[in-house]
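The structure appears below as structure tokens.
The values are calculated or read from the model by the stated rules, or taken from the named source; none is laboratory data. Not measured: the values here are computed from a predicted model. Virtual Cβ from ideal backbone geometry, glycine too; neighbours counted across all protein chains shown. Side chains are part of the model used for accessible areas, which takes the heavy atoms of the whole protein and leaves out ligands, DNA and RNA. Shrake-Rupley method; radii C 1.70, N 1.55, O 1.52, S 1.80 Å.
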Amino acid sequence: MSSHNTSFRLLMVAALSAMLTLIPTIANAQAVTYTQGDLLLGFHKNGVDYNVVINIGQASLYRDAPSSFSVSVGNLGTLLGSTFGATWYEDEGLQWSVVGNPRDFNGDNATTDYLTSPQPTIGIQSTPLSASSVNRGLISTRFQTMKNQFILQDTALGNTYAVIWDHTINSTPYMDWSETVSADAPSGLVFGVFNPSLIVGSSGDGIAYPGTALDLYRLAGGQNGTNGVTYEGTFTIDNTGSVVFAVPEPGRALLLSLGLCLPLLRRRRETLASVTLDAARQMPASLAA
């Protein structure tokens, strides 16, 4: 009998310990930070149940940036390593993209979208994206559907702007990053401009392969084809997970103003003195990369 009581006590202690272990996880659960007008940067790999998705701040920061800057992504490299493996930057199946729809906010109307396209060769701008006004509206709607699920996710460990998103849970169309961004049928025609790019990685001597640079385009709502499509700059990522946004050089902007590079039509506001992404997003200093 005594042996039975001892075993029972041990089982109770084990059960109580397991419960106590779960308490901090529940207590620390916190919805991810998101403000209307923010862009999302996401990573996806076929066969992996989880996506890494991070809020990288207001679209207007990128639209109006007068100079290049480092994007605040916190511990993104750690999150990518824990989700996709330590050498995620060499994974030929890992994809990334940036997308957003400010939705009638800060100078962008309801169907103005922000999307990325990979550079075919590093340093060579990609072909500007093209979409009908109808498809721009559909992209906006589906981004909002996905965003409404994003804000319900718990934050990733150590980063209140990022989530590790299990895309196997929700079977409703366009409710998660993988289905919305990967252009799965029947949305392929709409999201032909919304496909993520393979990161691929870089060689041992540091030469970047195509896919490590994404051009950001703004597709103004209510227009068709390449009308209202403007090139805003380029995202790059390195093997630590650091992300940089580079804007067109002043000399290139002059060429654009002369009409020598017609696809690139964005005139930037030169009155802006600087862009401080952390301050604009009010990201805690401890998370700044």
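Summary of values
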item: Residues of region 76-107 satisfying the condition of being assigned to a loop (DSSP other than H, G, I, E, B) and hydroxyl-bearing (Ser, Thr, Tyr); result: 87
item: Count of region 62-87 residues which are free of Cβ contacts under 8 Å to residues at least 60 places away in the same chain and of a type in the set (A, V, I, L, M); result: 1
item: Top-ranked residue of region 49-59 - restricted to ones that are open to solvent by 10 Å² or more (accessible area, probe 1.4 Å) and under 20 Å from residue 75 (Cα atoms), ranked as modelled with the highest pLDDT; result: 58
item: Residue under evaluation residue 134, criteria (1) modelled with pLDDT of 90 or more; (2) within 22 Å of residue 147 (Cβ to Cβ); (3) surrounded by fewer than 20 Cβ atoms within 10 Å (Cβ to Cβ); (4) aliphatic (A, V, I, L, M), criterion not met; result: (1)
item: Flag if residue 116 is polar (S, T, N, Q), in a helix (DSSP H, G or I) and within 18 Å of the chain's Cα centre (by Cα); result: no
item: Which listed residue, of 141, 78, 87, 127, is open to solvent by 40 Å² or more (accessible area, probe 1.4 Å) and within 19 Å of residue 159 (Cβ to Cβ); result: 78
item: Residue list for region 105-123, restricted to those being modelled with pLDDT of 90 or more and surrounded by fewer than 17 Cβ atoms within 10 Å (Cβ to Cβ); result: 109, 110
item: Members of region 34-75 found to be of a type in the set (Gly, Ala, Ser), within 18 Å of residue 159 (Cβ to Cβ) and not in a strand (DSSP E or B), listed by number; result: 72, 74
